[in-house]
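Here's the structure we're looking at; comments come further down.
Only the coordinates and a few stated rules stand behind these numbers; no lab work does. This structure is a prediction, so every number in the text was calculated from the model and none was measured. Here the Cβ positions follow ideal geometry from the backbone for every residue, glycine too, while neighbour counts run over all protein chains shown.
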């Protein structure tokens, strides 16, 4: 048999295999040198996504829309002389931050005013006021201007914004981190000089940077914790430290191969990096535990170490191959997602599972000299301990007990099917953080003081200079009023504001032009001024409407997005076409991708794994029977998400397909043993009893290992990773119950 020949080869040529593995690991190490982090929203979308292409086209015309907001608050108001001087210094210093391409402050805010018989278009202040009278006059002008009030300064004059634009050519995570760090350094320097000021940073680049920093922390924090769990469980299983550390060495090499692949592919190591390492560590160790456990069992009966290991490798190759391939199938189902990092997570998790399988059946034999059977006292405790007694009870369910188990199972699943419909989708980056994280608190503080910290953009196309047409402007004004009335939206800025302010400066009344000629006259006054090109272009044929919204209220914007798109489609005709885009809108559209990815991933994983189970077991009926209890933990897990108010986000999205690939592993070992006993003539109850007794301990131990490893994500820095760990650990435990309680009951009555 192939399994016999392969096991004989790897045991006989252990040193050669070791050299080959070390060579591959060295290559992986070279690839890992180029490893980089990327948690920005850009990375979540595929390069050919129509939304991304539309957003890039918008940026080419109007420039950056990713902005860091620096909110400066002064108890006595920002129009005091020393505060205005601080704002000027802070704006100048922020402009020197890496990858900043523009800075808007209160002092250089656009101002349209009448002086005598002339309309003057310029900045609020050409220089910092030097007297109280100049500061008072500046305050009066600022609070009187619709272009400034509630945009760059609050109506009470206590808080002002400094808006720092990110260069659209430099949107990688490291570049955003450099920008935010540069701005923060400028803030810290100014606070040392002006300690009475309160300054907060907000905006999506700030959240991206904070998430990136936390993802780096998790990579360094969670993986060592998970490794410690593996060793601890190994000690409980094997009773010796040097035996317990062998599975960790195997999965550590698998992780190294995965990291090398990430670097070689040029992919970013993002917010899912912590969960990825946990998955590879937890999943990869299972095969090693099964092989070492079986080999130790044989050694304890007197077999020489090499013979015991060779026999174990031969007998476990097929079931371990199928457990690994089902895990790979579950992971690869995630590649159907429309979310870039989730696709990459699926590929990398599959690579990790496959690598661990290869290393178990090639590299593991090199450690055979380390592996020694536990002492007689340890073996005696295993045979008579609580777990052994529990397995004896589970091995022989009575017909009545089996019917009670299945009845309870049906009720729990039915209730959970209803409960899972209550899961809410959440792509809100505020929820990615644990409560109390500084970036989260700063964003909420800024939004409470000045309104929205995120934006979406409406691209307005009006051929033939249509933005001069009163009918077109009236339609845009109606849309503007509708937008401002929507929950979560705090302001709208567009060419309409310029028209109103210019009209007020000219004739004393803020209103839109009533004729095309008047519109042309008003535009003539502002054309060529700083900032005009960022509002209207192509001889008034192309424009933008910037909609600011509260990122803390993103759920409302998500609900609004399809309604807005429907309204824009209805508004569009030959005279006017409006489309929505912008960095903030990408977040809002992520929710739909999450739901689609969850459903699609589960269906693909279920279909592929069912076929694999049928091939292994030689029976489609038995395969489907096995899949039912493996779907149940996922259904119950989703219901628990609803009960615990855990959202379906890019982290928990992966639990379904991933868990299906994981929890089926123990079912494979159980059913392979069951099918062998049936082939030898055992009755269903006898085969069930033998399968529980023979595989139960390994199933319990691998489940403990999986759930404990996932539980280490409770210490993750982001709420997203923490939620993933909690739900994955719960699903693993539920799968244990399904395999050792529900499945035996179903087989007992079949």
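Model label sites at residue 392 and residue 149, defined 7 Å from Cα along the beta-carbon direction, differ in position by 8.5 nm.
Share of antiparallel DSSP beta bridges in the stretch 75-196, in percent to the nearest 5? Taking every DSSP beta bridge within the stretch 75-196, about 90 percent pair in antiparallel fashion. Spin-label model, residue 198 to residue 185: label points 7 Å out along the Cα-to-beta-carbon direction sit 2.8 nm apart.
The simple spin-label model puts a point 7 Å past each Cα toward its Cβ; for residue 235 and residue 101 those points are separated by 5.6 nm.
Express the relative contact order of the stretch 75-196 as a whole percentage, based on alpha carbon pairs under 8 Å and six or more residues apart in sequence. Could you put the intermediate results ahead of the total?
Numbers: 164 pairs, mean separation 43.9, N = 122.
Relative contact order of the stretch 75-196: 36 percent.
For every helix of n ≥ 4 consecutive DSSP H residues, a contribution of -39,500 (n - 2.57) applies; sum these over the chain, divide by its total residues, and give [θ] at 222 nm rounded to the nearest 500 deg cm²/dmol.
Value at 222 nm, helices only: -21500 deg cm²/dmol.
In the calculated pair-distance distribution of the chain, the portion above 49 angstrom amounts to 31 percent of the Cα-Cα pairs.
Please state the relative contact order of the chain as a whole percent: Cα pairs under 8 Å, 6+ residues apart?
19 percent
For the stretch 75-196, the calculated P(r) over all alpha carbon pairs, in 5 Å bins from 0 to the bin holding the longest distance, is 2, 11, 19, 21, 18, 14, 9, 4, 2, 0, 0 percent. Across the stretch 463-575, the relative contact order, built from alpha-carbon pairs under 8 Å that are at least six residues apart, equals 36 percent. DSSP finds beta bridges in the chain, and of those with both partners inside it, around 90 percent are antiparallel.
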